[in-house]
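Each reported figure results from applying straightforward, stated rules to the coordinates on display, with no laboratory input. None of these values were measured; they are calculated from a predicted model. Every residue, glycine among them, receives a Cβ derived from its backbone with ideal geometry; neighbour counts consider all protein chains shown.
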Amino acid sequence: MNIVFCTTCKGRAHHVKQTLPQNLADNPNAKFVLLNYNSGDDLVKYVMEHHAADLASGRLALYSTFEPERFAMAHAKNMAHRLGIAEGGDVLVNLDADNFAGKGFADYLEKEFFAAAFCGQEYFMWSRMVKGEMTRGINGRMAVTRNAFLMAGGYDERYNTWGPDDEDFKIRLRMLGIESAEIDRRFLHAVKHTDKARFKDYPEVAGTAYGERSACNPASSIANFGKVGMGTVCRNIAGKQRVIGALPTRVFGIGMHKTGTTSLDKAFGILGINSHHWSTAN
């Protein structure tokens with residue numbers, strides 16, 4: 001089972017310099033995708049100089065997109081998760097730039113998700129922030145199977161500033177009937193910092209108190225209508241440009257001549273699609 005940590009960065013190279021080396025050392029069996037979301041600082045220079053061996057081994061993949069003018073949280077996460085899928089991720093973990101994963105976090109996740117897979121379940125894990133007891137910034141930590149991420153349509157890109165995108169995602173996953181559990185708090189640590197970096201790209205919400213994010217009430221379990229984390233990226237700077245396009249939202253051409261069965265449910269199964277979730281999504 002391939003665990004891929006998905007991290008986005010715009011103007012947070014100073015946090016990445018603290019967390020990335022530690023996270024790589026603490027989780028030697030995992031892969032890391034770092035998305036340079038038009039960061040504008042020395043992020044790329046730092047990674048190329050200090051993590052050349054990790055890039056060469058494939059443990060770390062650095063992607064860059066230079067299109068966004070400001071940080072759009074849900075879009076950035078979706079793009080990083082789509083790239084995590086492209087890197088072979090079975091389990092995708094949102095790991096903010098200021099977050100420490102913790103020693104053995106990937107091994108812990110593998111055991112949790114393997115147990116769920118053994119029972120034939122899609123699965124996700126989430127973090128509970130205990131105000132006053134835990135470091136701010138850890139409540140965006142979520143781990144989700146590749147299939148569950150795709151079924152839900154990722155993070156809802158209507159949330160383009162600091163908002164309840166993670167809570168919305170969690171609600172929609174549950175609406176799809178996907179089982180969940182809390183992440184053990186021993187893995188939930190982050191760099192302590194002020195709100196200056198947190199709200200740099202959207203000062204219009206900087207006055208909101210922590211924990212007072214607007215409520216979310218998803219009308220549907222599916223978000224984005226297939227337009228999930230779209231954009232143009234390049235891998236490890238020297239790589240060719242890659243366009244992340246829309247995901248298909250419909251299946252055409254199912255029939256006896258394609259699948260050898262007149263059962264729609266069996267036809268979907270032959271095509272590798274969970275028919276229950278597909279019908280829910282469409």
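Brief remarks on what is shown
- Extension gain, Q22 back to I171 (0.36 nm per residue minus Cα-Cα distance, nm): 50.5 nm
- Our coupling estimate for the stretch 78-87, obtained by passing each phi through the Karplus curve with A = 6.51, B = -1.76, C = 1.60 and θ = phi - 60°, is 4, 4, 5, 5, 4, 5, x, 5, 4, 8 Hz, Gly and Pro reported as x.
- Computed from the alpha carbon positions, the gyration tensor of the stretch 36-113 leads to an equivalent ellipsoid with semi-axes of 22, 17, 12 Å, biggest first.
- Taking a point 7 Å from the Cα of R59 along the Cα-to-Cβ direction, the residues of the stretch 76-119 with backbone N closer than 15 Å to it are 101-107.
- This ranking places H15, H81, H75 by how few other beta-carbon atoms lie within 10 Å of each, fewest first, which gives H15, H75, H81.
- Pairs spanning more than 26 Å between alpha-carbon atoms, out of K111/K170; K111/K227; K10/K45; K103/K131; K17/K103; K111/K240: K111/K227; K111/K240.
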